[in-house]
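The values are calculated or read from the model by the stated rules, or taken from the named source; none is laboratory data. Nothing here was measured: the structure is a model prediction, and the numbers come from that model. Positions of Cβ are generated from backbone atoms using ideal geometry, with glycine treated the same way; all protein chains shown enter the neighbour counts. These area figures cover heavy atoms from the full protein model, side chains too; ligands, DNA and RNA do not enter into them. Shrake-Rupley method; radii C 1.70, N 1.55, O 1.52, S 1.80 Å.
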Amino acid sequence: MAFKAPPGTYDLLPEQAYAFNSIRQIAFDLFERYGYQPIETPTFEHLEVFTHGIGDATDVVGKEMYLALSQRGLSAVLAGDVPPRTSEMLALRPEQTAGVARALVQHNLLPPGAATVKFVYAGAMFRHERPQKGRYREFRQIGAECLGAAEPSADAEVIVMLMRFFSALGIPRERMRLLLNSMGDDVCRPAYRAQVRDYILAHADVLCADCVRRADTNPLRAFDCKSESCQAVMADAPRITDVLCADCRGHYDAVLAYLDAAGIAYEEDPRLVRGLDYYTRTVFEVQAIQGLGAQNALGGGGRYDRLIEVFGGKPTPGLGFAVGFERILLALQALEEEKAAGGECEGGGAVFALPRVRIFLATVDDQARQAAFELALDLRDAGIPVEMDHQGRSLKSQFRLADKIQAAFVGILGPDELADKTIRLRDMATREEALVALENLVERLVP
Ligand code: AMP
């Protein structure tokens with residue numbers, strides 16, 4: 001029976017796996033300069049980490065989460081024996097902020113009086129969404145969380161870092177839109193939610209059933225509805241920025257001022273409400289202007305000053321973001337394609353350039369292969385990527401193979417070379433050949 005990867009999942013073949021590692025490395029190196037340390041949390045958590053942390057009323061938790069039950073637990077449930085204990089109800093993580101918040105509290109990573117703690121992570125997330133271009137059921141995020149600072153300079157620092165990350169990846173600034181909004185806090189948001197709820201109910205006849213149904217549970221989600229007619233109606237809905245309390249207003253204005261000072265261009269979007277319940281005050285999203293189709297969000301995040309309390313920690317302000325690896329890849333691919341088609345665009349990524357073999361050792365007989373085996377080990381120990389023939393191919397087909405894998409050099413070993421402790425080195429770009437003493441080979445091969 002021939003299996004395929006399940007819908008919404010895909011294999012990262014070497015080029016993509018390499019790109020993921022490169023993008024991850026670029027993020028970790030850059031974020032380190034801003035004080036971020038790596039963290040890994042489990043791929044699955046107790047279900048309640050997500051239901052409490054993110055909120056049942058969100059799509060991510062209410063509809064899209066993958067629950068995980070052990071075979072033993074499942075058998076018990078099917079046999080009608082026991083309802084599963086909540087401690088046995090696990091879920092694959094749909095995002096990682098909740099896991100990081102849980103870890104922060106569990107390990108007391110931010111004791112009172114401590115400076116901020118900052119974490120960067122990268123890994124797979126799982127959501128049961130309808131698969132389409134740029135939207136998967138298993139996808140990868142690279143994210144950052146900054147905990148302990150309530151000040152607007154922290155918001156601005158996180159946003160600047162995110163934009164620097166996209167620059168480091170080679171995505172030109174003019175290809176992206178940075179959207180900003182404030183979602184208020186416990187002082188001003190409840191009244192705003194009620195206003196939006198009332199607005200939705202007053203327009204129930206022209207909004208989709210989903211938006212109307214969510215009027216009580218999560219009215220702000222109506223701003224995210226994909227239906228064009230809903231979007232048109234919601235364009236005239238009350239705006240949070242008109243009703244922010246003085247503290248939230250001051251915070252928001254200060255974030256904008258910091259971004260202005262850093263020279264970061266942004267667009268204020270009063271309809272930007274992020275789908276997860278835990279956001280307070282600043283929220284942001286970076287969208288690609290071209291190449292991503294409907295799923296144009298490269299990444300987004302915001303402030304979540306109440307989240308740590310949900311996990312039983314002391315009130316701790318925090319904020320963070322996550323970017324989608326697949327979306328970044330699509331954006332970079334679009335740039336590459338444009339350039340290949342003769343476009344003038346700048347940027348694009350070196351992230352796809354799989355490392356090449358530096359030298360392919362071609363051998364004429366068994367004795368030479370034995371010598372090549374040992375030479376290959378020495379060269380690799382010296383840091384040089386080497387490949388050789390293991391299958392006893394003809395010299396001609398070894399050259400063909402070296403060409404195929406785009407080796408920079410072919411080193412030919414035969415009886416004469418073995419006797420003289422030399423190697424015949426062919427530069428595959430210029431086709432020039434030279435006899436090189438083995439003791440000088442490493443030096444010749446170092447790029
Ligand atoms: P969120 O956790 O929903 O704020 O998403 C943050 C980023 O993750 C988005 O901007 C996307 O780039 C990416 N993302 C979210 N959901 C998916 C998905 N189903 N497939 C691929 N990327 C996703």
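Worth pointing out:
- Ordering Ala57, Leu13, Leu47 by Cα displacement along the dipole of the stretch 1-75 toward the positive end leaves Leu13 in first place; charges were set at the Cβ atoms of Lys, Arg (+1) and Asp, Glu (-1).
- Between the residues Phe139, Ala368, Ala149, the greatest Cα displacement towards the positive end of the dipole of the chain, with unit charges on the Cβ of Lys, Arg, Asp and Glu, is found for Phe139.
- Centre separation in Å (Cα based) which lies between the stretch 1-71 and the stretch 178-195: 28 Å
- Accessible surface computed residue by residue for the stretch 359-445, with neighbouring protein chains in place and a 1.4 Å probe, gives 57 Å² per residue.
- What you get for the stretch 296-447, charging only the Cβ of Lys and Arg (+1) and of Asp and Glu (-1), is a dipole of about 460 debye around the Cα centre.
- Efficiency of FRET from Cβ geometry, Arg431 and Lys133, R₀ 41 Å, rounded to 0.05: 0.45
- Rg(Cα)/(2.2 N^0.38 Å) for the stretch 55-184, N = residue count: 1.36
- Most positive-pole-ward Cα, Ala419, Phe352, Leu445, against dipole of the stretch 317-447 from beta carbon charges: Phe352
- For the chain, built as a Gaussian network whose Cα springs stay under 10 Å, the top-fluctuating residue of Ala382, Ala340, Ala144: Ala382
- Put a dot 7 Å past the Cα of Arg213, heading toward its Cβ, do the same for Ser394, and the two dots end up 6.8 nm apart.
- Expected 222 nm ellipticity per residue - DSSP helices of 4 or more, -39500 (n - 2.57), all of the chain, to 500: -11000 deg cm²/dmol
- Backbone geometry of the stretch 105-112 corresponds, through the Karplus equation with coefficients 6.51, -1.76 and 1.60 at θ = phi - 60°, to 3J(HN,Hα) couplings of 6, 4, 9, 6, 6, 10, x, x Hz, x marking Gly and Pro.
- In a DSSP loop and with at most 14 other Cβ atoms within 10 Å, the GluC sites (Glu not before Pro) in the stretch 351-447 are Glu432.
- Surface share of carbon and sulfur [accessible, 1.4 angstrom probe, percent] for the chain: 51 percent
- For the chain, a simple Cβ point-charge model (Lys and Arg +1, Asp and Glu -1, everything else neutral) yields a dipole of about 700 debye relative to the Cα centre.
- Values of log10 I(q)/I(0), in the order q = 0.22 Å⁻¹, for the stretch 359-445 under a Debye, Cα-only, solvent-free model: -1.09
- Computed from the C-beta positions of Ile405 and Tyr34, the FRET efficiency with R₀ = 35 Å rounds to 0.35.
- P(r) tail for the chain: Cα pairs beyond 34 Å make up 47% of the total.
- Reach of Lys4 by Cα under 16 Å, taken over aspartates and glutamates that are not fewer than 8 positions away in the same chain: Glu138
- Counting only lysines at least 8 places from Lys421 when in the same chain, those with an alpha carbon closer than 29 Å to its own are Lys396, Lys404.
- The stretch 248-319-the stretch 390-447 distance, computed between alpha-carbon centres (Å): 55 Å
- In this Cβ point-charge picture (+1 for Lys and Arg, -1 for Asp and Glu), the stretch 359-445 has a dipole of about 400 debye about its Cα centre.
- Helix 14-32 and the longest principal axis of the C-alpha atoms of the chain enclose an angle of approximately 60°.
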